[in-house]
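Here is the structure we will look at, set down as structure tokens.
The values are calculated or read from the model by the stated rules, or taken from the named source; none is laboratory data. For clarity, every value in this text was computed on a predicted model and none was experimentally measured. Ideal geometry is used to build each Cβ from the backbone, glycine not excepted, and the neighbour counts take in all protein chains shown.
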Amino acid sequence: MDYTYIKTRQVRETLWVEIHNPHVNFLTVDILEELWDVVKSVRKDDSVRVLVLTGGIEDVYIMHFSIPELARVSEESKTSSFARLARSSLGRALLDVGLTINNLLMDRFPALEESNIKQFSAFKGRLFTIFLSLQMQRLYRAVERLNKVTIAAINGPCNGGGTEFAACFDFRFMVGDQGFTIGQPEVLVGIIAGGGGTQRWPRHLGKARALEWMLKGNQLDPQEAREWGILTDVFPKAEFAGRVQEFADLMAKRPPVAVHAVKRAVHGGMDTFLARGITIESLESLRVFDTRDVEVAMSDYARLLQERVDVPAEDRMETQELMGIMYNARFTGGFEGR
């Protein structure tokens, strides 16, 4: 697929995905579609272990979602039968049940999600709101549950749809010395973070912090956002790309099967009650233990223990040194760099 708004470049096992939508990288339905195609390709590409999303324009990440497209949603809601239903108690209850079942089924059966998008794509002139919602849900879930490590490299101001999209990534880094800020300010124009922001941020930050941020609608500087737990880390502009790449290279060393299993267990468990979460964890444990990756990794680790740990005290490796070796070793069907 040829992209209009996306550029990609691969550095070792990291795929950098850059958004180019001058002047401030507003998110649009077309960009969501292009990003979905990239994520779908990465899922099957064994040469990629880490996905990084950043702004392809200097000092610009994602300003927020396209205002003309949000205005279209607002205009459509005046005549939409779904909007009319949502205004009544009975209609809201019916939509609650129907949409919840549909979301659960789409989550379980990706083919249904794809079918729904194709159907509503044909009528997006009249059902744009539903089409947009489906596109956002599909992409955001795909990034969140991708079988690779994902990083949002925030190289400029980040608001609204850009911020709630960042919540889907495993790690979030931001340039910290240029006066950029990050916010979830939808309340200031009378709307909410309707692309999953009101659900993901409470899971990241806790309910009180998320409510404070979204109800105030205030901007946070990178250091504040890091203290809140919104950002993983903050780097100077001059070092930003290099520091993100350094971290990506570290994550690329992790066994792919374990990365995928950890993410499936965490996201699956967060969406349910503890007893079922433990079941999900157990199933993922069974799945990873029955792989060549684990067989080789455990064999390598056992040999290291035998040679350097289970020995007389004068020859014994300290635990910190042992973990340091494993932390920095690169997994390629076995551990390199020991």
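Before moving on, here are some points about what is shown:
- Verdict on Thr272 being under 20 Å from Lys253 (Cα atoms), of a type in the set (Val, Ile, Thr) and not assigned by TED's automatic domain parsing to the domain that holds Phe247: no
- Test for Gly194: is it within 19 Å of the chain's Cα centre (by Cα), buried (at least 24 other Cβ atoms within 10 Å of the Cβ) and farther than 13 Å from Ile230 by Cα: no
- Any chance Ala261 is surrounded by fewer than 14 Cβ atoms within 10 Å (Cβ to Cβ) and either aliphatic (A, V, I, L, M) or not in a strand (DSSP E or B) (or both): no
- Asp221 meets all of the listed conditions (1) closer than 22 Å to Ala86 by Cβ; (2) in contact with a Phe, Trp or Tyr (Cβ under 9 Å, 6 or more places away or on another chain); (3) surrounded by fewer than 16 Cβ atoms within 10 Å (Cβ to Cβ); (4) not aliphatic (A, V, I, L, M) but one, namely (1).
- Hits in region 236-250 (condition: surrounded by fewer than 20 Cβ atoms within 10 Å (Cβ to Cβ) and part of a helix (DSSP H, G or I)): Lys237, Ala238, Glu239, Ala241, Gly242, Arg243, Gln245, Glu246, Asp249, Leu250
- Top-ranked residue in region 286-315 [being surrounded by 13 or more Cβ atoms within 10 Å (Cβ to Cβ) and either in a loop (DSSP other than H, G, I, E, B) or of a type in the set (S, T, N, Q) (or both); ranked as modelled with the lowest pLDDT]: Thr291
- Pair list, Cβ < 9 Å and 6+ apart or interchain, from region 51-75 residues that are in the same structural domain as Val149 (by TED's automatic domain parsing) and under 8 Å from Gly156 (Cα atoms) to residues that are of a type in the set (Asp, Glu) and in a strand (DSSP E or B): Gly55/Glu18
- Of all the residues in region 1-23, those that are among the acidic types (Asp, Glu) and either at positive phi or touching a residue at least 24 places away in the same chain (Cβ under 8 Å) (or both) number 2.
- Search result, residues across region 219-239 that are under 19 Å from Leu188 (Cβ atoms) and either of a type in the set (Asp, Glu) or modelled with pLDDT under 95 (or both): Asp221, Glu224
- Check on Arg172, of a type outside the set (A, V, I, L, M, F, W, C) and in a helix (DSSP H, G or I): no
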